Amino acid sequence: MKELMLLKVPTAGEIMTTVRLATGGLGSLTGLGLEESEDCKVCVTESLLLLRHAGYLAASINFCEDDGLFVCIMGEGEIVNPAPMPEDEISAALLEALAADVKTEKREGALYRVSFRFAR
Amino acid sequence: MDDGALFQKYRETGDVSVRNEIAEKYLYIASVLAKKFAGRGVEYDDLYQIAALALIKGVERFEPEKGVKFSTFITPTITGEIKNYFRDRSRLVHLPRSVSELRARIRDAAEAITLETGKHPSAREIAVCLNLSEEEIVRAQEAGSVVSLDATVGTEEEGASFHERLAAKDDGAIERIENRDALEAAMRGFSARERALLELRFGEALSQTETAKRMGVSQMYVSRLERKLLERLRENMRKGMAE
C-alpha cells in the first residue's frame, strides 16, 4: 500500500468542497472510474460528518493507493460536545452501500476511525 | 403505533394509507440521500422523486422479522435506485457553455471507451482520449450549476433540447434545425425501426443500453445505427436546405 496524501482538516462544512476536490483528484490518480470517484467523495464527506458528530473538530485523512484507493479517516484532538444525529445511521448505511471493506473503530464508546476502499 | 405494528398492519390489511403513513415517516431519508447525490449533475428534485419511489417500493419489500431496522434496510435500497438512475437515465450537462461542451465531450469519450473496454473509464483514460489534463476532467465533473439535457434551449417554439443539439454538435446542418417540421422532413424514408431508435434515444431520452434492451438488440448495434442515422439526418438536412 502506497501512501499518497495525508490531510489534516477541520470537520467544518465549508472545508468539504476542498476535500471532495482532493478526493476526486486522487481517485483519478489511482485509476478509479468517474462513478467510483464520485462515490468516494460521498464516503469521505460522510465519514467527516460522522466524526464531527462524534465531537471531533478536526480529522486526518490518509489516502493510499492499493489497487484503487484506500482511505482512512481519524478524529484528531479532543472530543468536544459530541452530538450524535439520527442521520448518522444513514451515513453509516450509505458508506456500506457505496464502499468496500468499510471499517469503523470506537474509542471510549465514540467513533474515531473510519476506513474504506474503492477498487480500480 | 410503532414501526413493527405499522408494518404488521400493512402486511395484514394491505391498506395503502398505512403504507403511506410508513413512507411519510421515512420520507426524510429520501430527502437526505437525494441531497447527498445532488452534486453529480442531476437536480435534487429529480433525485428526490426517485428516492421517494424507492422508499415506497422498500416499504413493500421490507421484512421486519429479519431484525434489521427499516432505516438501515432502506438506505442501500434508495442508494441503489439513485445510482441506477445515474447509470441509465442521466442526460445532463453543466453550464456555462465551455463547461457544458467539455461535459458532453467527456460523456462521449466515456461511452466510447466503455464500449471498447467494457468498463467505466478513469479520468486519466478520458484525459488521454481528449488530449486534456486529468485536472480538467476532474474539475468538469465537480463543477456545479447543472441543467437537464432535456431542457428546452431558446424559445418554446424552437423546442430543441440541449441533448438534441449536443448530439449533433459536430453536425452543421442539424444545428440549424428550427422546428420539428424540418426534422420530420429529414426523417422521411426512415424505417419504423430507425424511427423507433431515434424516438427511444432522443424522445424518451433512454440510454443506448436501455434502448438496446427495448429493441432486443445489442448496445453496439444501437451505437452504430444511431451514428448512421445522424449522418443521414445531416445529409437530408443539407439537401433540404439546398432545395
Count - residues of region B:1-32 that are closer than 17 Å to residue B:69 by Cα, under 33 Å from the mean Cα position of the chain (by Cα) and not β-branched (Val, Ile, Thr): 9
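Kindly check whether there is at least one residue in region B:64-71 that is of a type in the set (D, E, K, R) and under 18 Å from residue A:46 (Cα atoms).
Initially, region B:64-71 is screened for residues of a type in the set (D, E, K, R), giving B:65-66, B:69.
Subset that is under 18 Å from residue A:46 (Cα atoms): none.
No, that holds for no residue.
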Scan (1) in contact with a Leu (Cβ under 9 Å, 6 or more places away or on another chain); (2) at the interface with another protein chain (Cβ under 9 Å from one of its Cβ atoms); (3) modelled with pLDDT under 85; (4) more than 17 Å from residue B:38 (Cα to Cα) for the single condition residue B:139 breaks and write down its number. (4)
Suppose the filter is surrounded by 13 or more Cβ atoms within 10 Å (Cβ to Cβ), within 29 Å of the chain's Cα centre (by Cα), at pLDDT below 90 and assigned to a helix (DSSP H, G or I); does residue B:90 pass it? no
What are the residue pairs meeting all of these: first residue in region B:200-214, first residue surrounded by fewer than 17 Cβ atoms within 10 Å (Cβ to Cβ), second residue assigned to a helix (DSSP H, G or I) and acidic (Asp, Glu), Cβ atoms under 9 Å, and 6 or more apart or on different chains? B:204/B:210; B:209/B:88
It is to be established whether one or more residues within region A:12-20 are assigned to a strand (DSSP E or B), over 14 Å from the mean Cα position of the chain (by Cα) and either aliphatic (A, V, I, L, M) or more than 30 Å from residue B:111 (Cβ to Cβ) (or both). no
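Here are some residues: B:227, B:232, B:238. Which one is at pLDDT 80 or above, out of contact with any strand residue (DSSP E or B) (no Cβ under 8 Å at 6 or more places or on another chain) and either surrounded by 12 or more Cβ atoms within 10 Å (Cβ to Cβ) or of a type in the set (A, V, I, L, M) (or both)?
From the options B:227, B:232, B:238, the qualifying one is B:232.
For region A:59-69, enumerate the residues that are in a strand (DSSP E or B) and either away from every other protein chain (no Cβ under 14 Å) or modelled with pLDDT of 95 or more (or both).
Matches in region A:59-69: A:59, A:60, A:61, A:62, A:63, A:64, A:65, A:69.
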For residue A:93, which of the numbered conditions (1) under 28 Å from residue B:26 (Cα atoms); (2) touching a residue at least 12 places away in the same chain (Cβ under 8 Å); (3) of a type in the set (A, V, I, L, M, F, W, C) fails to hold? (2)
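Let's see how each residue does on (1) among the aliphatic types (A, V, I, L, M); (2) over 25 Å from residue B:78 (Cα atoms); (3) out of contact with any Lys or Arg (no Cβ under 7 Å at 6 or more places or on another chain):
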| site | (1), (2), (3) |
| --- | --- |
| A:37 | no, no, yes |
| A:46 | no, no, yes |
| A:52 | no, no, yes |
| A:63 | no, yes, yes |
| A:67 | no, yes, no |
| A:75 | no, yes, yes |
| A:83 | yes, yes, yes |
| A:89 | no, no, yes |
| A:92 | yes, no, yes |
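Residue-wise test of (1) surrounded by fewer than 24 Cβ atoms within 10 Å (Cβ to Cβ); (2) out of contact with any Ser or Thr (no Cβ under 6 Å at 6 or more places or on another chain).
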| site | (1), (2) |
| --- | --- |
| A:16 | yes, no |
| A:19 | yes, yes |
| A:23 | no, yes |
| A:27 | no, no |
| A:30 | no, yes |
| A:37 | no, yes |
| A:44 | no, no |
| A:47 | no, yes |
| A:61 | yes, yes |
Would you please list the contacts, defined by Cβ atoms under 9 Å and residues six or more apart or on different chains, that run from a residue in region A:17-44 that is more than 8 Å from chain B (Cβ to nearest Cβ) to a residue that is at pLDDT below 90 and crowded, with 23+ Cβ neighbours inside 10 Å? A:30/B:122
On the given criteria, is residue B:7 touching a Lys or Arg at 6+ places or on another chain (Cβ under 9 Å) and surrounded by 16 or more Cβ atoms within 10 Å (Cβ to Cβ)? no
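Residues are listed down the side, and each one gets a yes or a no for (1) assigned to a helix (DSSP H, G or I); (2) in contact with a His (Cβ under 7 Å, 6 or more places away or on another chain); (3) of a type in the set (D, E, K, R):
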position: A:36; (1), (2), (3): yes, no, yes
position: A:71; (1), (2), (3): no, no, no
position: A:78; (1), (2), (3): no, no, yes
position: A:89; (1), (2), (3): yes, no, yes
position: A:117; (1), (2), (3): no, no, yes
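For (1) within 14 Å of chain A (Cβ to nearest Cβ); (2) within 22 Å of residue A:68 (Cβ to Cβ); (3) modelled with pLDDT of 85 or more; (4) outside any helix (DSSP H, G or I), each residue gets a yes or a no:
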| residue | (1), (2), (3), (4) |
| --- | --- |
| B:111 | yes, no, no, no |
| B:115 | no, no, no, no |
| B:120 | yes, yes, no, yes |
| B:132 | yes, no, yes, yes |
| B:144 | yes, no, no, yes |
| B:150 | no, no, no, yes |
| B:154 | no, no, no, yes |
| B:157 | no, no, no, yes |
Members of region B:55-80 that are away from chain A (no Cβ under 11 Å) and out of contact with any Ser or Thr (no Cβ under 6 Å at 6 or more places or on another chain): B:55, B:56, B:57, B:59, B:60, B:61, B:62, B:63, B:64, B:65, B:66, B:67
Counting only helices (runs of 4 or more DSSP H) entirely within region B:1-49, those with at least 3 residues that are within 16 Å of residue B:61 (Cα to Cα) and more than 11 Å from chain A (Cβ to nearest Cβ) are B:3-13, B:16-25
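The values are calculated or read from the model by the stated rules, or taken from the named source; none is laboratory data. Note that the structure is predicted; figures quoted are calculated from it, not measured. Heads up, the Cβs are rebuilt from the backbone with ideal geometry, glycines too, and the neighbour counts pull from every protein chain shown.
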